[in-house]
Amino acid sequence: MAKNLSAFLAQNAKKIDNVSYVASDRFVDPETGEPVPWEICCITAAENSAIRRTCMRTIPVPGRKGQFTQDFDANAYLSKVSVRCTVFPNLNDAELQNSYGAMGAEQLLATMLTPAEFEDYSTKVLEVNGFQAGDEMVEEAKN
C-alpha cells in the first residue's frame, strides 16, 4: 500500500454525525406525547484536553510544606463535557435556565436531570466521543 497523505487532509476525513438520545422520558412533545431526543455532538481531542485542564486543581500535600499535587475532579469533567457536547436543547438559553432557576448551563443540566439520568446521559456523551462504556472495558479486560 502506497503512503498517501491526502487521506489525512481535513476535507477528506469522515465527519462524525451528531447523535439523538432520549435523556429522559419526562420531556415529551406536547403534540405527540413522545419523549423528545437530545442532540449530542463529538468534540476534538484539543477541546477535550482544554476541558480536562479546567478540572485539574493543585492541592497541598498534607504534612509536606511547600509540596503540591494535582487532583482531577471527574464530576466537574463529566458536567463540562456533557454541556459542551449538548447541541439540543440549548443549555445556554436564558429562558430555559430561568424556568429552572438555574444560573449557567452546568447548573441547568444538573437541575434538569435526575442523578440516574445524568449518569446515563454523561455515559452516552462519552460514548459519542469514542470512549468505551465501563462495562465494555471490563469485558475486554477479562478476555
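The residue list Y77, Y121 contains one member that is among the hydroxyl-bearing types (S, T, Y), over 21 Å from V36 (Cα atoms) and under 10 Å from the mean Cα position of the chain (by Cα), which is Y77.
Out of C42, C55, which single residue is touching a Gly at 6+ places or on another chain (Cβ under 9 Å) and surrounded by 13 or more Cβ atoms within 10 Å (Cβ to Cβ)? Spell out how you get there, then give the answer.
On the way: C55 fails: touching a Gly at 6+ places or on another chain (Cβ under 9 Å).
Residue meeting the stated conditions: C42.
Condition check: buried (at least 19 other Cβ atoms within 10 Å of the Cβ) and part of a helix (DSSP H, G or I). Does L96 satisfy that? So L96 fails the test. Considering only residues of the stretch 1-24 that are under 22 Å from V125 (Cα atoms) and at pLDDT below 95, which is surrounded by the most Cβ atoms within 10 Å (Cβ to Cβ)? Among those that are under 22 Å from V125 (Cα atoms) and at pLDDT below 95, it is I16.
Those residues that are in a helix (DSSP H, G or I), of a type in the set (V, I, T) and farther than 20 Å from I51 by Cα, I need them from the stretch 99-128; list them, please. Step through it out loud before you land on a result.
Our first condition is that a residue be in a helix (DSSP H, G or I); within the stretch 99-128, this holds for 99-100, 105-112, 115-128.
If we keep only those that are of a type in the set (V, I, T) as well, we get 111, 123, 125, 128.
Within the stretch 99-128, just T111 meets the criteria.
Got at least one residue in the stretch 52-72 being of a type in the set (D, E) and modelled with pLDDT of 95 or more? So far as the stretch 52-72 goes, no, none of its residues is of a type in the set (D, E) and modelled with pLDDT of 95 or more.
Selection of the stretch 17-53 for residues being aliphatic (A, V, I, L, M) and either without any contact (Cβ under 8 Å) to a residue 60 or more places away in the chain or assigned to a helix (DSSP H, G or I) (or both) yields V22, V28, V36, A45, A46, A50, I51.
So if I check each of A105, A110, A94, A141, which one is at pLDDT 95 or above and out of contact with any helix residue (DSSP H, G or I) (no Cβ under 9 Å at 6 or more places or on another chain)? Before the answer, list the steps.
Working: A105 fails: out of contact with any helix residue (DSSP H, G or I) (no Cβ under 9 Å at 6 or more places or on another chain); A110 fails: out of contact with any helix residue (DSSP H, G or I) (no Cβ under 9 Å at 6 or more places or on another chain); A141 fails: at pLDDT 95 or above.
Answer to the check: A94.
Quick one: is G130 among the small types (G, A, S), in contact (Cβ under 8 Å) with a residue 12 or more places away in the chain and either touching a helix residue (DSSP H, G or I) at 6+ places or on another chain (Cβ under 6 Å) or exposed (fewer than 12 other Cβ atoms within 10 Å of the Cβ) (or both)? Yes; evaluated as a whole, the condition is true for this residue.
Have a look at P30, P89, P60 and point out the one that is surrounded by 10 or more Cβ atoms within 10 Å (Cβ to Cβ) and more than 21 Å from Q107 (Cα to Cα). Please lay out each step first, then the result.
Working: P30 fails: surrounded by 10 or more Cβ atoms within 10 Å (Cβ to Cβ); P89 fails: more than 21 Å from Q107 (Cα to Cα).
Only one candidate passes the filter, namely P60.
The values are calculated or read from the model by the stated rules, or taken from the named source; none is laboratory data. Remember, it's a predicted structure, so these values are computed and weren't measured experimentally. Don't worry about glycine lacking a Cβ; one is built from the backbone with ideal geometry, like all the others, and counts go over all protein chains shown.
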